[in-house]
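Since the structure comes first, as C-alpha cells, the remarks are kept for the end.
Laboratory data are not the source of any read-out in this text; all were calculated from the coordinates shown. These figures come from a predicted structure and were not determined experimentally. Ideal geometry is used to build each Cβ from the backbone, glycine not excepted, and the neighbour counts take in all protein chains shown.
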Amino acid sequence: MTRSLSQNAIGRMMTPVMSSANMVKLRKKGCPMDSVESAQAWYDANANPAQCKQVNKPQTQPKVHPEKFIQSNGNDGVEDFYSARTRDKIAEANLRQIEEAKELGRLVLKTDVEASVFEISRAIRDGLTNCARRIAADVAGLDNVPACEEVIDREHRALMQNMVKQFTDRLNATFTGDAA
C-alpha cells in the first residue's frame, strides 16, 4: 500500500515551491492534491501571472524568434503574459548588445557601408579609366614587356592602396594581408 503525499509535500515539489499557506489557498480554489503533476498542471493553468513570484532563470538565454512565442489558444494569436514578457526582455537584451557593439566599433551602419562602398568603387572606376591616360607616356618609352607591366602594376597597386586607405578612414575598418 503506497501512501499519498501530503499537500505540504506536494507544495515543496512544485515549481515555484509553495508554502503550506499557499497550498491551503490553492486547495480551496479547487487545486487537486492527489499528485504533484496534477497540482502543477492545475497551477500552471489557473495561476494569475501578476501574483506569481518569478522563478530565477539562468543569465544566458538562447536567442529566440518572437514568432515562436505567439500562442494561438483560439484567441487568434493573442500572447500570454509570460510570452510577451520573455519577448520584451530578449528584445531589450538584443538592443543592449547592439549598442555595446556600436560603442566598441564592432558594428557599423549598413547605410554608411553602402554609401562608402559606392563612393570608393566610383573612385576606383574613375582611376582605372584614367589610368591609361596617366601612364601612356611612361609606357610608350619602354621597349620590353616586363618594364611595361611594372609601370602598370605600380599604378594599379597605388589605386588599391588608396581604396584600402579610404575604407579605413571612412569606416574605421582594419585590413590584414597583402592589400595594405
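Using the basic label-point model (7 angstrom from Cα toward the beta carbon), what is the Ala47 to Leu159 distance in nanometres? Each label point is offset 7 Å from its Cα along the Cβ direction, giving 6.8 nm.
Taking amide H positions as modeled 1.01 Å from N, with prolines and chain starts lacking one, the residues under 5 Å from Asp80 and 5 or more places away or on another chain are Gln71. Summing Lys, Arg as +1 and Asp, Glu as -1, what charge do residues with Cβ under 13 Å from the Cβ of Leu159 carry, Leu159 excluded? Within the 13 Å Cβ shell, the charges total +3.
Applying the Karplus relation 6.51 cos²θ - 1.76 cosθ + 1.60 with θ = phi - 60° to segment 137-147 yields 3J(HN,Hα) values of 5, 5, 6, 4, x, 8, 10, 10, 5, x, 5 Hz, where x marks Gly and Pro.
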